[in-house]
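The values are calculated or read from the model by the stated rules, or taken from the named source; none is laboratory data. From a predicted model like this one, the values you see are computed outputs, not experimental measurements. Cβ atoms come from the backbone with ideal geometry, glycine included; neighbour counts cover every protein chain shown.
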Amino acid sequence: MTVPAKLDVRAHLARVLLAREIGQRIPTVQELQGSTGAGTGTVVKVLRALQDTGAVTLTARGHQGTVVTSRDVGQLWNAAALGNFRMILPPQGPVEQQGILEVVQTALTGLGVAVVADFRPGARTRLEDVYHERVHATVTSAGALERHRDDLPGLTGLDLGPATFYSHGSLVVVSHATRAPRTPLRVGIDRNSYDHQRLSEAEFGDRSPSPEYVQVPFVLAPAAVLAGDIDTAVWHSMPTVIPPELAGLRLEPLVTPAAKAVCHQISPAVIVTRSLDPGVNALLRQVRPADVTRTQGRLLKSAATESYAGSLRLH
């Protein structure tokens, strides 16, 4: 049997150790020989080198075997040659997403792991990227993960807490400030977004006569209202160069009990990974929901201040 290169043995053993929690037994040297194809001396030498660098501490406990007593998940990730941490988020704009990304980047780069982020609409599409292992993690609302969990088994979510995907008051109804709506009402709806579809139908579905739904990406709802393509839509408010009110738009809160109930269900953000990816989940345990809440609060306050200052300048 051909013996793998030392770097391959090191990467394999680092992945094995990433899959072991503190207090868990690691495979025996003989078992590691079998999985790597390397000799006893090589396996022992690589394990000792990983301990010498501080990546892991192993303790022999007699008949219990050798167990992990401490580990540095960042060092093990890099020793395993797993590369950048790849993450895909919803489209850029909402402050909540900025806060989540900032906290993840801070936590992982502190471990020596670089984060590469991409952005794509549609929770289902992003969840499929995780399911098919095209990325390590994504961010969705708790409601979107719950909706698609049965179709994409094996996904798990780190719940970041209430109002972390949609902050309090960030979901609004946008319409034209002066133009009269049509009959029936033309409502923008993004059917590629589970959340937006549910919110739109809950807020406008009981109108009489029944509204006419028009496909519009949710981030473009204000532009579609200004262009006259639609009369109104649910919008996830975000910082804009010109405050919406000064652009001729009216922002109002959701009013129907059904829409408010949906908002409550989907407001938490979850960082979604594959449950059988122990290295990824070990890294993300370094992300603390309290840090996300605090960072989002700071960014939301800053955005509100900048929006107010922009209004004064334009006046």
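Is it the case that L7 is more than 31 Å from the chain's Cα centre (by Cα), modelled with pLDDT of 95 or more and of a type outside the set (S, T, Y)? Please lay out each step first, then the result.
On the way: more than 31 Å from the chain's Cα centre (by Cα): yes; modelled with pLDDT of 95 or more: no; of a type outside the set (S, T, Y): yes.
So L7 fails the test.
When residues in the stretch 45-63 are screened for being modelled with pLDDT of 95 or more and either in a helix (DSSP H, G or I) or among the small types (G, A, S) (or both), 10 of them pass. Selection within the stretch 7-21: residues that are within 13 Å of T66 (Cβ to Cβ) and in contact (Cβ under 8 Å) with a residue 24 or more places away in the chain. The member of this set that is surrounded by the most Cβ atoms within 10 Å (Cβ to Cβ) is L13. Where strands (runs of 3 or more DSSP E) fall wholly inside the stretch 202-298, the ranges with 1 or more residues that are in the same structural domain as H132 (by TED's automatic domain parsing) and buried (at least 18 other Cβ atoms within 10 Å of the Cβ) are 269-274. If the condition is being more than 37 Å from the chain's Cα centre (by Cα), surrounded by 14 or more Cβ atoms within 10 Å (Cβ to Cβ) and not in a helix (DSSP H, G or I), then the stretch 22-44 contributes G37, A38.
Could you tell me which residue of the stretch 45-100 is surrounded by the fewest Cβ atoms within 10 Å (Cβ to Cβ), considering only residues that are farther than 30 Å from S141 by Cβ and among the charged types (D, E, K, R)?
Only one residue tops the list, namely D52.
When the criteria are applied in full, F165 fails the requirement of being in contact (Cβ under 8 Å) with a residue 60 or more places away in the chain, within 29 Å of Q51 (Cα to Cα) and not aliphatic (A, V, I, L, M). Of the set (1) assigned to a strand (DSSP E or B); (2) surrounded by fewer than 22 Cβ atoms within 10 Å (Cβ to Cβ), all apply to P181 but (1). Across the stretch 130-168, the qualifying residues are those that are more than 12 Å from the chain's Cα centre (by Cα) and assigned to a helix (DSSP H, G or I), and the one among them that is surrounded by the fewest Cβ atoms within 10 Å (Cβ to Cβ) is E146. Of the residues making up the stretch 186-217, those that are among the hydrophobic types (A, V, I, L, M, F, W, C) and closer than 16 Å to R250 by Cα number 1.
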